[in-house]
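Beneath this line is the structure, given in structure tokens, with notes to follow.
The values are calculated or read from the model by the stated rules, or taken from the named source; none is laboratory data. Being a predicted model, the structure only gives us computed values, none of them experimental. Please note: Cβ atoms are built from the backbone with ideal geometry, for glycine as well, and neighbour counts cover all protein chains shown.
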Amino acid sequence: MGRTKGGVKTRKRHNRVLKQAKGYYAGRSTYYTTAKETLDRALAYAFGGRKLKKRDYRSLWITRINAGLRPHGISFSRFISALKNLKVELDRRSLSDLAFRETKAFTNLVELAKVEEDKRKVAEKTKAKKAA
């Protein structure tokens, strides 16, 4: 009985890698070993890039919300805290969209947050007086 070497499977695996490496420069697209190394690195960067993209978008949303809050004289952290106390469950993406496109609705939310923030300040003062 003859020895089996698995040439068909190996060729199939090599072709799969080379197909994914199509368009890479020089030997990176034609030689299996270099194509595999380049592809591994590329896929690792792609994975990390997807995480960075989420981070970048979150940062953009926070910046937009903050820009919408500045004219109203309230900071981002106080605004988010007030919304949590009011049990408003809008995420940063939605808030950013409101600040960017629907300024009237966003202004209403800011006014609600300001009222809540004033309540918090009053409660804080009374607590300080009792402690003193």
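From the residues in the range 54-75 that are assigned to a helix (DSSP H, G or I) and closer than 15 Å to Glu116 by Cβ, which one is farthest from the chain's Cα centre (by Cα)?
Top of the filtered list is His72.
Of all residues in the range 85-100, which are out of contact with any Lys or Arg (no Cβ under 7 Å at 6 or more places or on another chain) and of a type in the set (Ser, Thr, Tyr)?
Listed by number, the list holds a single entry, Ser94.
Give me the residue from the range 28-41 that is part of a helix (DSSP H, G or I) and either without any contact (Cβ under 8 Å) to a residue 12 or more places away in the chain or among the β-branched types (Val, Ile, Thr) (or both) and, out of that set, farthest from Val110 (Cα to Cα).
Among residues in the range 28-41 that are part of a helix (DSSP H, G or I) and either without any contact (Cβ under 8 Å) to a residue 12 or more places away in the chain or among the β-branched types (Val, Ile, Thr) (or both), the one farthest from Val110 (Cα to Cα) is Thr33.
Identify, from the list Ala123, Ala113, the residue that is surrounded by 15 or more Cβ atoms within 10 Å (Cβ to Cβ), farther than 30 Å from Thr10 by Cβ and over 24 Å from the mean Cα position of the chain (by Cα).
Sole residue among the options that is surrounded by 15 or more Cβ atoms within 10 Å (Cβ to Cβ), farther than 30 Å from Thr10 by Cβ and over 24 Å from the mean Cα position of the chain (by Cα): Ala113.
Sort through Leu98, Leu39, Leu43 and tell me the only one that's over 30 Å from Arg11 (Cβ atoms) and modelled with pLDDT of 95 or more.
Of Leu98, Leu39, Leu43, the one residue that is over 30 Å from Arg11 (Cβ atoms) and modelled with pLDDT of 95 or more is Leu98.
Can Gly73 be described as within 30 Å of Lys121 (Cα to Cα), without any contact (Cβ under 8 Å) to a residue 12 or more places away in the chain and exposed (fewer than 10 other Cβ atoms within 10 Å of the Cβ)?
Against the criterion (within 30 Å of Lys121 (Cα to Cα), without any contact (Cβ under 8 Å) to a residue 12 or more places away in the chain and exposed (fewer than 10 other Cβ atoms within 10 Å of the Cβ)), Gly73 qualifies.
If I ask for residues that are surrounded by 14 or more Cβ atoms within 10 Å (Cβ to Cβ) and within 23 Å of the chain's Cα centre (by Cα), which ones from the range 95-108 would you list?
Once the filter is applied, which keeps residues that are surrounded by 14 or more Cβ atoms within 10 Å (Cβ to Cβ) and within 23 Å of the chain's Cα centre (by Cα), the range 95-108 yields Leu95, Ser96, Asp97, Leu98, Ala99, Phe100, Phe106.
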